[in-house]
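This report concerns only the one structure given below.
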Amino acid sequence: MNYSYLENKELSEALKYYKSRLQIGNFKLEPETVDVPSALDRITSSAVYARISSPHYNASAMDGIAVNAHDTFGATDTTPIVLKKGVGYEVVDTGDPLPDGRDAVIMVEDVIDIDEDTVKIISAAAPWQHIRQVGEDLCQDEMVVPSNTRIEPSTMGAMLAGGISQVEVWKLPRIGIIPTGDEIVAPKKDPLPGEILEFNSTIFSAMVRRWGGIPVTYPIVPDKFELIKGALEKAVTECDIVILNAGSSAGRDDYSSMAIGELGEVHVHGIAIKPGKPTILGTVHGKPVIGVPGYPVSGIIVLEKIVKEILETVIKSPLRTYPKIRAVLSRRLMSTLKYEEYVRMKLGRVGGKLIATPLSRGAGVVSSFVKADALFTVPMNTEGIEAGEEIELELLKTDKEIDNTLVVTGSHDPLIDVAYDLLRRSNPERYVSSSHVGSMGGIMAIKRGEAHVAGIHLLDEATGEYNRAYIDKYLKGQDIVRIRGVRRSQGLMIAKGNPLGLTGVEDLARGGLRYVNRQKGSGTRILLDYLLKQKGVDKEKIYGYDREELTHMSVAIQIATGSADCGMGIYSAAKIYGLDFIPVCDEEYDFIAPAEYIDSILITDFLGIIRSEEFKEKLMELGGYSTEGCGTIL
Ligand SMILES: Nc1nc2c(c(=O)[nH]1)N[C@H]1C(S)=C(S)[C@@H](COP(=O)(O)OP(=O)(O)OC[C@H]3O[C@@H](n4cnc5c(N)ncnc54)[C@H](O)[C@@H]3O)O[C@H]1N2
Ligand code: MOO
C-alpha cells in the first residue's frame, strides 16, 4: 500500500499524473466486429478501406441523353445538331450506367425533341459533363476512416458505399458503479429517518450511457471494509473502469481509499476542486478505479471533469463538450482560494444581455442541476467575482432554450410553478426561469435589468396599500407596468390540531414556541414585522426569528417535520403539508415588468396563461387565492 492521504492537488496536475500511471498499466480495450448499420458512435480500432469504388460504374448524374461529346461540337442556336436515338444518343435517367461508348450527358432541359427518335442540340457538350465517374466518391482501397475515429451517420453510409458491411471497433467500455454506505437504501416511497435513497448510480449510469459506455451497477455495499474490497475486486474483473461511490472522505466508515490501496494503488486522494475534494484516483490490476464522493452534485462534477476524461483516453476519442458562452454575472460570487469551484448557473436573456445567476451550491442539492442552464468554473486563487463582470460558462442547454426563457423573479408563490407547467403544455417552445429572491429582491432585479417579470407583495405601512408605493419609490424614473396577480390569504402556519393553542401574531414571543422566518426583504417578512409592531410584540423575544427560509414551502415543511412550531406563509403552502392555518390578512400579490418587455412574446404568452380559466381552476385547487382580474394591466 503506497498512497498519500487527502492532498489538495490541482485538477490538471492530478489528471496528468494519473494518466501517466494508467499508461504504465498499458490498459486498453479489445476490438470486436460489428455490422455497419449498428456501428453508430462506435470507435474504429483499425483503419477502414473501401473494398469497391463508389460509384463503381460511370453513372449519369442527370436525367437527359447520353452522347459522344465530339458529336455535339459546333452546336449553336443558328447551327443546331440533330441526333438520332441509338446512333447519336440514348435516353438516361440519373444514376443509370453510362451506355458504352458515350462520354457526356445533356440535361433534358437542354434537349429539343423533334420526334420520338430525333432530338436537336443547340450547344456543345463538354466531355464527361454530368457524369459521376467511377470513384468520384471513393476509390477502391482508399481509406474511408482512420483508426480511433468515431463513426458518424455519414461514415456508415460511406462504408456501405465502399462495399464494407462489417467494421472493427473497440469494445464498448464497461463502467462498474458500486454504491456504498450503511444508510443507503434502494429507492422506495417512504424511507425511514436516516435512510438515504440511492440515486447516484442512476445518475452515473445515465451519464455513462450518454458517453457511449456500458454501465454496470452493483448492489449497494454496506460500510464494511471486507465487503467493499470484495465488491471492488469483482467489479474490476468484470469492468474496464470502476466507480466506487461514497466513503471517500475521512469519516469513521470511509473505506474506499483503503480498499483501493489494498487491492491496487491510490495515486491521488484529494483534489483542489469544489465540490469533489475527497476524490480518489487509483488503479487495481492496472484498471482505473475512481473513488467518487457521496454527495450527488460532487459525483456529477467528478464524473464530468475526471471520469469523462479517463474514459476519453480509454476509448481513444474525445467526447462531446459543452459549448462556451459569455454572460454577465448578476450578483457577487464569493469563492475559496484553495479550490477550483464549479457553480451551477441560471441564464436569462433580458433586454439583449445574457445574465447569469448562481444557483444553490450545496453538494447535496441535485435539483440545482435540474434547474441549471450553465456551469461556471471559478478558478483557484480567486476570492470572488463582482456583479456586472462578464464571465465564460459551459452552456448545458441550447441557445434557443435560453432565448425562449421568461425570467421571473421576486417573491415566491407556488402559482409560478403552476403557470410554468401550463405554459409548457400550451407551447413547448417556452421556458420559465424562476428564482425566489423575495419581493424587494424582485424590485431590485427589475431595476438592474436582470428579469422580465417579478412577483411582489409589499405592504405600505403608511397607507395599508400594496405594491404601488414601493414601485414609485424604488423604480422611480423607470417605465414599469404593474400586472394584477392574485389576492392570497397570508397567515400563521402551525402543526395540525394547533397543539400550542396559538391564536395570532401576539403569541409568537411566547416561551417554548419555535418560530421559522422568511428572509429579509421578502414581503412575508415585511408583513410580519408590520403586524408585530402593530401588536406591540418584541421581535427580539421570538425564538427562531433569525432562522430564515426562502420559500413558503420550505417554511411549511419545517413545521410539518416538527423542527419549528410556527411560521408565516400562504394558505396554499399550509394546505399542501396538511398544516393548520390562522389567517392574518388577504394580500395583493402582483407582477411588475419593465414596459419595454410587456409586448414581448414571452410576456404575452405568460399573461395568456395567468388569464386562463385553467390557471384559475388550478389555483382554486391549491386554495387560499382569489383570482379576479388576474393578468389585468393596472
Ligand atoms: N469532517 C469532514 N467531513 C466531511 C468532509 C471534510 O472535509 N471533513 N468533506 C465533506 C465533503 S466535501 C464530501 S464531498 C463528503 C464526501 O463524503 P463521502 O464520499 O465519504 O460520502 P458519504 O459520507 O458516505 O456520503 C455523503 C452523502 O452523500 C450522499 N450519498 C452517498 N451515496 C449516495 C447514493 N448512492 N445515492 C444518493 N446519495 C448518496 C448522502 O447524502 C450521504 O450522506 O464528506 C463531507 N464530510
Ligand atoms: O468535495 Mo465535497 O464534494 O465539496 O462536497
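For segment 164-188, the tally of residues that are open to solvent by 20 Å² or more (accessible area, probe 1.4 Å) and within 16 Å of ligand 1 (Cβ to nearest atom) stands at 7. Taken together, Leu527, Leu532 contain a single residue that is at pLDDT 95 or above and either surrounded by 15 or more Cβ atoms within 10 Å (Cβ to Cβ) or not polar (S, T, N, Q) (or both), which is Leu532. Among the residues of segment 434-451, just one is under 22 Å from the mean Cα position of the chain (by Cα) and open to solvent by less than 10 Å² (accessible area, probe 1.4 Å), namely Ala451.
Filter the strands (runs of 3 or more DSSP E) completely within segment 76-136 down to those with at least 3 residues that are farther than 21 Å from Ser54 by Cα. Fully inside segment 76-136 and qualifying: 81-84, 89-92, 111-115, 118-121.
Residue by residue, here is whether (1) within 16 Å of ligand 2 (Cβ to nearest atom); (2) under 30 Å from Asn26 (Cα atoms); (3) of a type outside the set (A, V, I, L, M) holds:
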{"position": "Leu303", "(1), (2), (3)": "yes, yes, no"}
{"position": "Ala327", "(1), (2), (3)": "no, no, no"}
{"position": "Arg332", "(1), (2), (3)": "no, no, yes"}
{"position": "Thr336", "(1), (2), (3)": "yes, no, yes"}
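Just one of the numbered conditions (1) in contact with a Phe, Trp or Tyr (Cβ under 8 Å, 6 or more places away or on another chain); (2) within 23 Å of Trp170 (Cβ to Cβ); (3) not aromatic (Phe, Trp, Tyr) is not true of Val289: (1).
Residues in segment 196-214 that are under 18 Å from Pro293 (Cα atoms) and either open to solvent by 30 Å² or more (accessible area, probe 1.4 Å) or more than 11 Å from ligand 1 (Cβ to nearest atom) (or both): Ile196, Leu197, Phe199, Thr202, Ile203, Ser205, Ala206, Met207, Val208.
Against the conditions (1) within 14 Å of ligand 2 (Cβ to nearest atom); (2) among the polar types (S, T, N, Q); (3) within 21 Å of Ile175 (Cβ to Cβ), Ser317 satisfies every one except (1).
Among the residues making up segment 333-381, those that are of a type in the set (Gly, Ala, Ser) and over 25 Å from Glu198 (Cα atoms) are Ser335, Gly348, Gly351, Gly352, Ala356, Ala374. Taking the criterion of being surrounded by 19 or more Cβ atoms within 10 Å (Cβ to Cβ) and either touching a Cys at 6+ places or on another chain (Cβ under 7 Å) or part of a loop (DSSP other than H, G, I, E, B) (or both), the residues of segment 137-163 that qualify are Ile151, Gly162. With respect to the stated conditions, Ser249 fails to be open to solvent by less than 10 Å² (accessible area, probe 1.4 Å), outside any strand (DSSP E or B) and within 11 Å of ligand 1 (Cβ to nearest atom). In the set (1) aliphatic (A, V, I, L, M); (2) surrounded by fewer than 17 Cβ atoms within 10 Å (Cβ to Cβ); (3) out of contact with any Asp or Glu (no Cβ under 8 Å at 6 or more places or on another chain); (4) farther than 30 Å from Arg209 by Cα, the condition left unmet by Ala61 is number (2).
Tyr89 passes every criterion in (1) aromatic (Phe, Trp, Tyr); (2) within 30 Å of Ser147 (Cα to Cα); (3) open to solvent by less than 20 Å² (accessible area, probe 1.4 Å) apart from (2). Please go through segment 252-268 and pick out each residue that is touching a helix residue (DSSP H, G or I) at 6+ places or on another chain (Cβ under 6 Å) and either within 11 Å of ligand 1 (Cβ to nearest atom) or free of Cβ contacts under 8 Å to residues at least 12 places away in the same chain (or both). Result: Tyr255, single match.
A count restricted to segment 588-623 and to residues that are acidic (Asp, Glu) and part of a loop (DSSP other than H, G, I, E, B) stands at 1. Within segment 206-223, restricting attention to residues that are farther than 19 Å from Thr237 by Cβ and not in a loop (DSSP other than H, G, I, E, B), the residue that is farthest from ligand 2 (Cβ to nearest atom) is Arg209. If the condition is being in a loop (DSSP other than H, G, I, E, B) and of a type outside the set (A, V, I, L, M), then segment 164-176 contributes Ser165, Lys171, Pro173.
Taking the conditions (1) assigned to a helix (DSSP H, G or I); (2) open to solvent by less than 10 Å² (accessible area, probe 1.4 Å); (3) away from ligand 1 (no atom under 16 Å from the Cβ) in turn, Gly299 satisfies each one other than (3).
Residue by residue, here is whether (1) within 16 Å of ligand 2 (Cβ to nearest atom); (2) within 15 Å of Glu7 (Cβ to Cβ); (3) surrounded by fewer than 22 Cβ atoms within 10 Å (Cβ to Cβ); (4) at pLDDT 95 or above holds:
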residue	(1), (2), (3), (4)
Tyr255	no, no, no, no
Leu263	no, no, yes, yes
Ile271	yes, yes, no, yes
Gly276	yes, yes, no, yes
Leu281	yes, yes, no, yes
Val284	no, no, no, yes
Val292	yes, no, no, yes
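The values are calculated or read from the model by the stated rules, or taken from the named source; none is laboratory data. This one's a predicted model, so the numbers in the text were calculated from it and none came from an experiment. Using ideal geometry, Cβ is built from the backbone for each residue, glycine included, and neighbour counts are taken over all protein chains shown. Note: accessible area is taken over every heavy atom of the protein model, side chains too, but ligands, DNA and RNA are not part of it. Shrake-Rupley method; radii C 1.70, N 1.55, O 1.52, S 1.80 Å.
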